[in-house]
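Only one structure is covered here, and it is reproduced in the block below.
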Amino acid sequence: MKGAGGAAGPVIRIEHVTRTLDGELPVTLVNDVSLQIERGEFVCVMGPSGSGKSSLLYLLGLLDVPTQGRIWIDGQDTSGFDEDRLADFRLARLGYVFQFHFLLQEFSALDNVCLPIRKLGRLADEAARARAGELLDQFGLKGHHQKRPSQLSGGQRQRVAIARALANDPLVILADEPTGNLDSAASANVRDILRDLTRQLDKSVVAVTHDADFASAADRRIGIVDGRIDMAWRPEPAAL
Ligand SMILES: Nc1ncnc2c1ncn2[C@@H]1O[C@H](COP(=O)(O)OP(=O)(O)OP(=O)(O)O)[C@@H](O)[C@H]1O
């Protein structure tokens with residue numbers, strides 16, 4: 001099953017992307033980064049704390065806009081997109097998983113997964129609920145559809161968040177420390193789910209992580225140091 005679109009070539013391509021923050025002391029978060037993410041690829045972004053990994057992920061996910069450089073998603077140059085177009089594109093093409101699940105507490109697991117489907121508005125309500133239910137079942141949450149986030153374990157909540165990220169059948173999942181709040185068993189489960197999305201559904205996954213075990217499942221690891229790609233970067237042995 002392929003995502004919508006289906007242009008040949010990389011799902012994400014960025015060329016000479018820089019993100020600076022103006023101020024009394026200007027800060028460069030991301031410095032002249034060029035890279036491509038291929039369809040079905042599982043990529044981890046690693047590096048020291050504060051090196052710009054999350055900033056890069058936000059740019060790749062169109063949650064932030066570069067100061068310089070260009071970003072293509074599925075072959076489309078996004079540099080001329082206004083806020084509305086960016087929002088539509090994010091909703092239909094990209095999925096996000098964060099360290100904290102950001103599920104709505106007053107909604108059931110099923111309704112949390114339905115939200116982006118309803119927002120996109122391509123499916124009638126019954127079909128939206130059916131799709132959300134299938135995703136939850138796929139991630140071992142049969143029997144938990146009506147539970148609220150507070151009634152679920154940390155690993156279950158993160159699996160609901162992954163189901164929500166997949167709700168509109170995106171091309172790419174962008175994950176920021178997806179196992180950061182989980183114990184080792186739940187982390188391994190989330191790692192395997194994300195890897196299987198690339199293997200079985202041809203989704204691309206880009207994940208920022210400090211978790212060496214998680215990163216060991218990736219096809220490719222990109223080191224970021226001082227906002228730049230550093231191919232020589234390796235995690236400290238102590239972190240392994
Ligand atoms: N809005 C902001 N204003 C000022 N500085 C910022 C802002 N956002 C990020 N930074 C700084 O930019 C640098 C890069 O931050 P970023 O969160 O991208 O790093 P990171 O590699 O993901 O860090 P960590 O591994 O600790 O999560 C850090 O020094 C951070 O403090």
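Since every read-out is calculated from the coordinates, none of them should be taken as a lab result. Quantities reported herein were computed from a predicted structural model and do not represent experimental measurements. Positions of Cβ are backbone-derived with ideal geometry, glycine not excepted, and every protein chain shown enters the neighbour counts.
Observations, loosely collected:
- What separates the Cα centres of region 20-44 and region 150-169 is a distance of 27 Å.
- Reported to the nearest whole Å, the Cα centre-to-centre distance from region 60-93 to region 199-240 is 23.
- Calculated from backbone phi, Karplus (6.51, -1.76, 1.60) coupling profile of region 176-191 in Hz, x at Gly/Pro: 10, 6, x, 10, x, 10, 10, 6, 5, 5, 5, 4, 5, 5, 5, 4
- Helix-only [θ]222 nm of the chain, DSSP H runs n ≥ 4, -39500 (n - 2.57) each, per residue, nearest 500: -10000 deg cm²/dmol
- Dipole-positive endmost among PRO116, ALA218, SER34 within region 12-232 (Cβ charges, Cα centre): PRO116
- Rg and Dmax [Cα atoms of the chain; Å; Rg one decimal, Dmax integer]: 17.6, 54
- Rounded, prolate or oblate (a/c below 1.5 giving rounded, otherwise prolate when a/b exceeds b/c) for region 136-205 by Cα gyration tensor: oblate
- Charge tally in the Cβ shell below 11 Å around VAL45, where Lys, Arg are +1 and Asp, Glu are -1, VAL45 excluded: +1
- Region 153-228, relative contact order in percent, only Cα pairs under 8 angstrom and at least six apart counted: 33
- Basic side chains Lys and Arg get +1 at the Cβ, acidic Asp and Glu get -1 at the Cβ, and with that the dipole of the chain about its Cα centre reaches some 660 debye.
- Summed residue charge, Cβ within 13 Å of LEU136's Cβ, Lys/Arg positive, Asp/Glu negative: +4
- Computed over neighbours whose Cβ is under 10 Å from that of LEU123, the net charge equals +2, Lys and Arg +1, Asp and Glu -1.
- Between helix 154-166 and the chain: long-axis angle, C-alpha atoms, 0 to 90°, nearest 10: 80
- Cα gyration tensor, region 49-99 - rounded (a/c under 1.5), prolate or oblate: oblate
- Region 188-232: equivalent-ellipsoid semi-axes (sqrt of 5 x gyration tensor eigenvalues, Cα, Å): 22, 12, 8
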